[in-house]
Amino acid sequence: MFAYNMFMETSAIHPATKWTQDAREARQPAQSSLRLAAMAGHIRLDKVAARRAALIDLLADGRPHPREEIWQTIAAQLGEECWGKRPQEALARDLAALRKGGIRIAYSRRPATIGYYLQHPSLERPSSSRYEAINWDLIEALRHLSVPEKNRRAFAAAAFALGQKRLILAEEYPDWSAEDVEREARRLVYE
């Protein structure tokens, strides 16, 4: 226990350190700062709370994380023993506790993006420096639409994309038949 507390005190990347820094920032309302400071103190003393706080911080970046990456990243912050003898069970308990607390954690099985991630609304919006600006007002407005209206808009967008792709292909390949253009446009848009 002493070694664990000593590691927590000296580690600059420990979640308690980050949460304490966030509590000290002026942009936080006084009540939120007090809550964060209290949680940081608890995280500093309780290794399970520290592990769960580190998990929240990791998943807050908005991208999926495979189990192995979660285990390695958090072990680097808290020490190898933080997961105990059965890391799979510890991670499952942590995820269940966080979900029970209202944090929406999902799992992606898509080949390019396998892993756990925060469902919307995420704690922090992901950085969009590599991409065009994200219109968060539009995204928020879309969230409030009914399911039939979302479907109508999705089908309209797909039909528009298909029409545009037909025009582009017909111009690029004037010797193609209408069936060839249609087949290739559908393949490009829907596959």
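The values are calculated or read from the model by the stated rules, or taken from the named source; none is laboratory data. Since the structure is predicted, the reported quantities are computational estimates derived from the model, not experimental observations. Here Cβ is always computed from backbone atoms with ideal geometry, including for glycine, and neighbour counts include all displayed protein chains.
For the reader, a short list of remarks on this structure follows.
- On inspection, G102 does not qualify as in a loop (DSSP other than H, G, I, E, B), at pLDDT below 85, small (G, A, S) and touching a Ser or Thr at 6+ places or on another chain (Cβ under 7 Å).
- The number of residues in the range 145-191 being among the small types (G, A, S), in a helix (DSSP H, G or I) and loosely packed, with under 13 Cβ neighbours inside 10 Å comes to 7.
- Being more than 19 Å from the chain's Cα centre (by Cα) and either exposed (fewer than 15 other Cβ atoms within 10 Å of the Cβ) or of a type in the set (V, I, T) (or both) is a description that does not apply to G101.
- Meets criteria (modelled with pLDDT under 85 and either among the β-branched types (V, I, T) or surrounded by fewer than 18 Cβ atoms within 10 Å (Cβ to Cβ) (or both)) for A16: no
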